[in-house]
Amino acid sequence: MKRLIAAALLLWAILPLSAQTVRLRLATTTSTQDSGLLPVLNAPFEKMTGITVDVIAVGTGAAITLGVKGDVDVLLVHDRKAEDKFVADGYGVNRRDVMHNDFILVGPADDPAGAASAGSAGAAFAKIAAARAAFVSRGDASGTYVKEMDVWGKAGLKPAGTWYKEAGQGMGAVLTMSGDLRAYTLSDRATWLSMKDKLSGLKVVFEGDPFLFNPYGVIAVNPQKYPKAKYMAAMQYIAWVTSVEGQKVIREYSIGGQQLFTPDAINQTP
Amino acid sequence: MRGPFGKALELLFTGDREVWFIAWTSLRISLSSSIIASVPGIALGVLVALRRFRGRRVVLAVLNALMSLPTVVVGLIVYSFISRSGPLGGLGILFTPAAIVVGQAVLGLPVVVSMTASSLSRLDPLFSEALTTLGARPGSILWMSVREARGPVLSSCLAAFGRVVGEVGVAMMLGGNIRGYTRTLTTAIALETSKGDFVLGLALGIILLAVALGVNGVLHSVVRHE
Amino acid sequence: MSERRKGAPLFALRDMQVDFGGHTVLCIERFSIAEGGITVLVGENGSGKTTLLRVLNGLIEPAAGTIEFRGMTRARPAVRAHSVMVHQSPLLFRGTVAQNVGYGLRIRRVPTAETERRAARALERVGLAGFEHRRASVLSGGEKQRVALARALVLETPVLLLDEPTANVDPDSRAVVEQVIAEAAATGVTVIMSTHAADIAYRLSDTIVRLEAGRVAPLAENVLKGAVESSDERFTRFRVAGRGGPVLLCPAQQGDFRVAVIPANELLLSVAPLASSARNQLRGWVTAIERVGALLRVTVDCGTQLRALVTQSAADEIRVAPGRELVVTFKASAVRLY
């Protein structure tokens, strides 16, 4: 008798492994997921359309790769150069601007390198390099890392030395590490806002330079390349995030009273 | 000062639906993959142990090597097959629980084969001869040998379960850590840890341990009739 | 698969060779076993007795040579159906005695009621009546061996191969096993067994085959069945069975002996009776002469067939030839009684 129950339980455990609803696969970045925006943004869409959005959060590089391989249906990432290449190479279609947040330089409360007084992001980085102050880098193919490299490039520097640590991890872990090491790091505002209460000893050291803008794009995977891609659902999703309602949800999303993202789509004129 | 144990208990007993669902997903997926790996695994293990064939040593060496592959690598290999741009892309199982089951079955299979083979090679070599002389066919010999070595064979299945329930490379690569769908305890732990919430990560780890202990306990009590 | 040839031996081996781990463990040029009776393989450990039994039962493949079973060459299915082997160590599997004994019948799809009946009978025969529900793992060595024997007997095959059936068995069980073997042979089952217990070999066997280092050694003993006629404090008189069977004088000993064994090289051949201390002198005539290595084996009929081993020159001196009348002389102490 015991064996029958065990066998029945086992069967029930194995069987429900396939889904019947339409599942739209969205590849996005870990920092986007960490910001907590997606459940809030996607819930009304799922209710309205009955489509389930499967969020696969990886680094920007991996998200683009998933798009190139056709394993997802729509991308939501923040790396304009990579996005443009993705479309130019024929893997993506119908790219739209969605929103932007910005990157900020966070660092130890006493700001040993004096980065707060810099006139631009590049200048702030240069001060850190000159002081050989500890700096933690994402060290992966993420949008944050790409932006960080762009700033170093603008400052005309190639960072190297024991003060410069490439972590190879997500934003949250890098922030925690910076807190522990009393180091500087470049972070997206959203992750910072959601974690700053836990990161004593760190503060926002530099912000506001338009160069630190972090714009997001949404792109559908090209159905000609991948006929099995859920193109119609992807277009519905793009419509939602760039719609008045969707943009409103984005604007109203906040952490601790602070708005994280600035919607961009509605400002575009056709 | 709320530690991970406290957090774990709190998550389980305040009925945090998401945590229960994640634990259930982990259990379901890893049980399925262990069973799917065990059935051919035991049969192959018996064959490797009892039949002398050329290249037997090679097979055993390959099995041992497979067991030391990082799970991410196994995940990558299976991904290249089931990706939409891969040969089996048409099946469309990537980023579903089924994909994790497949990947974990690949992880568990060499464990079952290798451990079953080693436990069966400790059976008296004349045992299968005694069965043959009584008229047993190869199928019956296989079954009787497994029955004789029942304890170690079960251990091999549990070892496979242990390997897969605690792995994260395959689950992440092939499941995508999709909330409410393919998020398992291990991928959730990886996520929370990367977000910096170490306490939650540890708490989920404790829950994972409890799940593994539970499975071990249940199976050992069911097959206790020696 | 050729048809069963009438009068074909049960097993016929030709140019057979069995190798293990690079060594040749069995090398037999020409050998056959007849249907019926008890054939006993004797020899030291490692002489190849077990290997030969396993080859006959089709459990191992020879590296070279052919084996015919009842005249058929590709006879594996027939061997499997008509013969069963009991290994030296019991090799029972987990479960009850009944499950073990009934295994062979169950896989032959014999109905449960009949399986139970036959198993009970087999267990009775080996003196383990009522043991059906005992767990095999808690039995003593002797009991386990008897269960293994019952497991084979229950199949009622015409051929039984037994490897050292009394080796791991306590003295009381030995008698039971011997009796079971004798009874089986009496019902027409061909028993081929190996042993290194000399008394069992001589008492039970109809034919003795001696193996030495993987080869069949030529017969070097005379094994004579009979019974003790009388015994006093000096000699025991043993009458050989058969018409005209001679009486052999043996050293005085007590016992119900049924077999007398005289080594072939203890027999002296002469033309005229010898004046010697030897107590046994028998007259007879030469019926066969065979070359065995460097020696000659001369068979002399003196009421029973006696074989003597002599050198060529010795044979020439007394002019051994078929039909020649000779005297066979041997000491009482040359005769061993079992």
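When restricted to residues that are of a type in the set (Val, Ile, Thr), within 20 Å of A:Ser120 (Cβ to Cβ) and more than 14 Å from every other protein chain (Cβ to nearest Cβ), the stretch A:144-176 contains 2. Can you name the residue in the stretch A:35-56 that is in contact with a Lys or Arg (Cβ under 9 Å, 6 or more places away or on another chain) and hydrophobic (A, V, I, L, M, F, W, C) and is also surrounded by the fewest Cβ atoms within 10 Å (Cβ to Cβ) among such residues? Checked the stretch A:35-56; the qualifying residue surrounded by the fewest Cβ atoms within 10 Å (Cβ to Cβ) is A:Leu38.
Selection over the stretch C:168-221 of residues that are crowded, with 17+ Cβ neighbours inside 10 Å, assigned to a loop (DSSP other than H, G, I, E, B) and not polar (S, T, N, Q) gives a count of 5. Screening A:Ala43, A:Ala57 for residues that are without any contact (Cβ under 8 Å) to a residue 12 or more places away in the chain and either farther than 23 Å from A:Phe211 by Cα or touching a strand residue (DSSP E or B) at 6+ places or on another chain (Cβ under 6 Å) (or both) leaves exactly one candidate, A:Ala43. Restricting attention to the stretch C:220-260 and to residues that are over 15 Å from C:Ala201 (Cα atoms) and aromatic (Phe, Trp, Tyr), the residue that is farthest from the chain's Cα centre (by Cα) turns out to be C:Phe235. Screening the candidates B:Arg122, B:Arg163, B:Arg147 for the property of being touching a residue at least 24 places away in the same chain (Cβ under 8 Å), closer than 21 Å to C:Asn100 by Cβ and not aromatic (Phe, Trp, Tyr) yields one hit, B:Arg122. Contact map, the stretch B:1-22: first residue in contact (Cβ under 8 Å) with a residue 60 or more places away in the chain, second residue charged (D, E, K, R), Cβ cut-off under 7 Å, separation 6 or more or different chains; pairs are B:Ile22/B:Arg183. Every test in (1) crowded, with 21+ Cβ neighbours inside 10 Å; (2) within 14 Å of chain B (Cβ to nearest Cβ); (3) touching a residue at least 60 places away in the same chain (Cβ under 8 Å) is passed by C:Val40 save one, and that test is (2). Kindly establish whether A:Tyr184 is surrounded by 15 or more Cβ atoms within 10 Å (Cβ to Cβ), among the aromatic types (Phe, Trp, Tyr) and over 17 Å from the mean Cα position of the chain (by Cα). Yes: the conditions hold for A:Tyr184. Just so you know, in the stretch A:215-270 the residues that are farther than 24 Å from A:Ala82 by Cα and in contact (Cβ under 8 Å) with a residue 40 or more places away in the chain include one that is farthest from the other protein chains (Cβ to nearest Cβ), and it is A:Glu245.
Matching residues to (1) crowded, with 23+ Cβ neighbours inside 10 Å; (2) in contact (Cβ under 8 Å) with a residue 12 or more places away in the chain; (3) closer than 21 Å to A:His78 by Cα:
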| site | (1), (2), (3) |
| --- | --- |
| A:Arg95 | no, yes, yes |
| A:Asn101 | yes, yes, yes |
| A:Ala116 | no, yes, no |
| A:Ala121 | yes, yes, yes |
| A:Ala131 | no, yes, no |
| A:Val136 | yes, yes, yes |
| A:Gly139 | no, yes, yes |
| A:Ser142 | yes, yes, yes |
| A:Trp152 | no, yes, yes |
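Let me confirm something: among B:Ile77, B:Ile178, B:Ile141, B:Ile100, which residue is surrounded by 22 or more Cβ atoms within 10 Å (Cβ to Cβ) and either touching a residue at least 60 places away in the same chain (Cβ under 8 Å) or more than 11 Å from every other protein chain (Cβ to nearest Cβ) (or both)? Selected residue: B:Ile100, the only one of B:Ile77, B:Ile178, B:Ile141, B:Ile100 that is surrounded by 22 or more Cβ atoms within 10 Å (Cβ to Cβ) and either touching a residue at least 60 places away in the same chain (Cβ under 8 Å) or more than 11 Å from every other protein chain (Cβ to nearest Cβ) (or both).
Residues to consider are B:Val74, B:Val62; find the one that is of a type in the set (Val, Ile, Thr) and closer than 30 Å to B:Trp143 by Cβ. Of B:Val74, B:Val62, the one residue that is of a type in the set (Val, Ile, Thr) and closer than 30 Å to B:Trp143 by Cβ is B:Val62. If I go through the stretch B:43-74 residue by residue, how many of them are modelled with pLDDT under 85 and either within 14 Å of chain A (Cβ to nearest Cβ) or farther than 21 Å from B:Ala160 by Cβ (or both)? Summing the residues that are modelled with pLDDT under 85 and either within 14 Å of chain A (Cβ to nearest Cβ) or farther than 21 Å from B:Ala160 by Cβ (or both) in the stretch B:43-74 gives 7. Being among the hydroxyl-bearing types (Ser, Thr, Tyr), closer than 20 Å to A:Ala113 by Cα, within 14 Å of another protein chain (Cβ to nearest Cβ) and touching a residue at least 40 places away in the same chain (Cβ under 8 Å) is a property that does not hold for A:Ser194. C:Ala260 meets the stated requirement of being within 24 Å of C:Arg239 (Cβ to Cβ) and aliphatic (A, V, I, L, M). Among the residues making up the stretch C:92-142, those that are within 14 Å of chain B (Cβ to nearest Cβ), of a type outside the set (Gly, Ala, Ser) and part of a loop (DSSP other than H, G, I, E, B) are C:Leu92, C:Phe93, C:Arg94, C:Arg108, C:Arg109, C:Val110. Looking at B:Gly201, is it over 16 Å from B:Ser26 (Cβ atoms) and part of a helix (DSSP H, G or I)? Spelling it out, it is not the case that B:Gly201 is over 16 Å from B:Ser26 (Cβ atoms) and part of a helix (DSSP H, G or I). Within the stretch A:243-259, being modelled with pLDDT under 85 and surrounded by 11 or more Cβ atoms within 10 Å (Cβ to Cβ) holds for A:Ile255, A:Gln258. Within 12 Å of chain B (Cβ to nearest Cβ) and either crowded, with 19+ Cβ neighbours inside 10 Å or not in a loop (DSSP other than H, G, I, E, B) (or both): does that describe C:Ser89? Against the criterion (within 12 Å of chain B (Cβ to nearest Cβ) and either crowded, with 19+ Cβ neighbours inside 10 Å or not in a loop (DSSP other than H, G, I, E, B) (or both)), C:Ser89 does not qualify. Considering only the stretch B:103-138, state which residues are within 11 Å of chain C (Cβ to nearest Cβ), of a type in the set (D, E, K, R) and in a loop (DSSP other than H, G, I, E, B). Of everything in the stretch B:103-138, those that are within 11 Å of chain C (Cβ to nearest Cβ), of a type in the set (D, E, K, R) and in a loop (DSSP other than H, G, I, E, B) turn out to be B:Asp124, B:Arg137.
Answer with yes or no whether A:Lys85 is away from every other protein chain (no Cβ under 11 Å), without any contact (Cβ under 8 Å) to a residue 60 or more places away in the chain, basic (Lys, Arg) and surrounded by fewer than 22 Cβ atoms within 10 Å (Cβ to Cβ). Judged against the criteria, A:Lys85 is a match. Checking each residue in the stretch A:101-150 for being among the acidic types (Asp, Glu) and outside any helix (DSSP H, G or I) picks out A:Asp102, A:Asp110, A:Asp111, A:Asp140. Scanning the stretch C:259-277 for residues that are within 30 Å of C:Val147 (Cβ to Cβ) and among the hydroxyl-bearing types (Ser, Thr, Tyr) turns up nothing.
One residue alone among B:Leu185, B:Leu204 is more than 14 Å from chain A (Cβ to nearest Cβ), farther than 22 Å from B:Leu109 by Cα and touching a helix residue (DSSP H, G or I) at 6+ places or on another chain (Cβ under 8 Å), and that residue is B:Leu204. Looking only at residues of the stretch A:130-167 that are touching a strand residue (DSSP E or B) at 6+ places or on another chain (Cβ under 8 Å) and small (Gly, Ala, Ser), we find that the one that is farthest from A:Asp188 (Cα to Cα) is A:Ala133. Does A:Met232 qualify as being touching a helix residue (DSSP H, G or I) at 6+ places or on another chain (Cβ under 9 Å) and either within 15 Å of A:Asp34 (Cβ to Cβ) or modelled with pLDDT of 90 or more (or both)? Spelling it out, it is not the case that A:Met232 is touching a helix residue (DSSP H, G or I) at 6+ places or on another chain (Cβ under 9 Å) and either within 15 Å of A:Asp34 (Cβ to Cβ) or modelled with pLDDT of 90 or more (or both).
The values are calculated or read from the model by the stated rules, or taken from the named source; none is laboratory data. Computed from a prediction, not measured in an experiment: that's the story for all the values here. Cβ atoms come from the backbone with ideal geometry, glycine included; neighbour counts cover every protein chain shown.
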